[in-house]
1. Look through Ser90, Ser57 and report the one residue that is hydroxyl-bearing (Ser, Thr, Tyr) and closer than 21 Å to Arg5 by Cβ.
2. Can you spot a residue in the range 119-133 that is in a helix (DSSP H, G or I), touching a strand residue (DSSP E or B) at 6+ places or on another chain (Cβ under 7 Å) and under 22 Å from Leu48 (Cα atoms)?
3. Using the structure shown, decide if Tyr75 is touching a Pro at 6+ places or on another chain (Cβ under 9 Å) and surrounded by fewer than 20 Cβ atoms within 10 Å (Cβ to Cβ).
4. Do you know which residues across the range 88-108 are aromatic (Phe, Trp, Tyr) and under 15 Å from the mean Cα position of the chain (by Cα)?
5. Mind telling me which of the residues Ala30, Ala100 ends up being without any contact (Cβ under 8 Å) to a residue 60 or more places away in the chain, in a helix (DSSP H, G or I), within 30 Å of Trp153 (Cβ to Cβ) and small (Gly, Ala, Ser)?
6. Return the residues of the range 83-132 that are among the hydroxyl-bearing types (Ser, Thr, Tyr) and either at pLDDT 95 or above or surrounded by 23 or more Cβ atoms within 10 Å (Cβ to Cβ) (or both); say none if nothing qualifies.
7. Please go through the range 54-83 and give me each residue that is within 19 Å of the chain's Cα centre (by Cα) and in a helix (DSSP H, G or I), ordered by number.
8. Given the condition outside any helix (DSSP H, G or I), free of Cβ contacts under 8 Å to residues at least 12 places away in the same chain and of a type outside the set (D, E, K, R), answer yes or no: does some residue in the range 157-164 qualify?
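The values are calculated or read from the model by the stated rules, or taken from the named source; none is laboratory data. Predicted model, so just to flag it, every value in this text is computed and none were measured. Every residue, glycine as well, gets a Cβ built from its backbone with ideal geometry; the counts of neighbours run over all protein chains shown.
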Amino acid sequence: MTTYRILTATTFLPLVGAAVILLLRSERLARWMALATTLTTLAVSAPLYLRFDKTSSALQFVESTPWIPSWNVVYGMGVDGISLPFIFLSAVLSVLCVAASWAAIQVRVREFHATLLVAETAMIGLFAATNFFLFYVFWELMLVPMFFLIGVWGGPSRIYAAVKFLLFTLAGSVLMLVGLIFRL
């Protein structure tokens with residue numbers, strides 16, 4: 001097992017960008033910071049794709065650190081041939097989302113871009129998690145920005161759609177939590 005912190009950097013770089021955006025006062029700077037953060041995340045994730053050994057079926061770029069020792073939970077990240085394209089696709093898609101929202105989002109611009117970057121952190125973390133507990137944490141983290149993206153910046157029935165999204169995903173999350181508890 002090698003310790004290669006590129007997965008942690010790729011995962012949490014958008015979260016740092018979101019925090020910086022919330023500290024900014026200018027909507028114009030928030031847009032540019034969001035674009036810079038997503039492009040940097042894409043650039044940081046590119047070596048994952050370039051250095052990935054396609055002949056191996058093992059997890060690569062593995063990171064493992066004790067997290068909650070009393071529950072025997074570790075912070076475990078790694079990629080395989082299935083999760084790698086999803087991580088790279090999430091990074092590319094985030095750049096496209098920022099570019100597409102450049103002129104479309106005129107209300108709460110800073111909050112929108114910060115929320116989008118939190119969603120990117122959750123997406124990348126979801127695909128890089130190597131244990132069920134960390135997967136569950138990123139899954140739940142993903143629900144919060146998605147709820148706000150739908151509820152605040154959605155279409156005409158956005159409140160209805162956001163509540164429906166929350167109810168359906170919450171039901172799935174409860175079942176996943178029950179499975180996690182029985183697994184521990």
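1. From the options Ser90, Ser57, the qualifying one is Ser90.
2. Looking through the range 119-133, at least one residue is in a helix (DSSP H, G or I), touching a strand residue (DSSP E or B) at 6+ places or on another chain (Cβ under 7 Å) and under 22 Å from Leu48 (Cα atoms).
3. Criteria met by Tyr75.
4. Within the range 88-108, just Phe88 meets the criteria.
5. Ala100
6. Hits for the range 83-132 are Ser90, Ser94, Thr115, Thr121.
7. Ser83
8. Yes, that holds for at least one residue.
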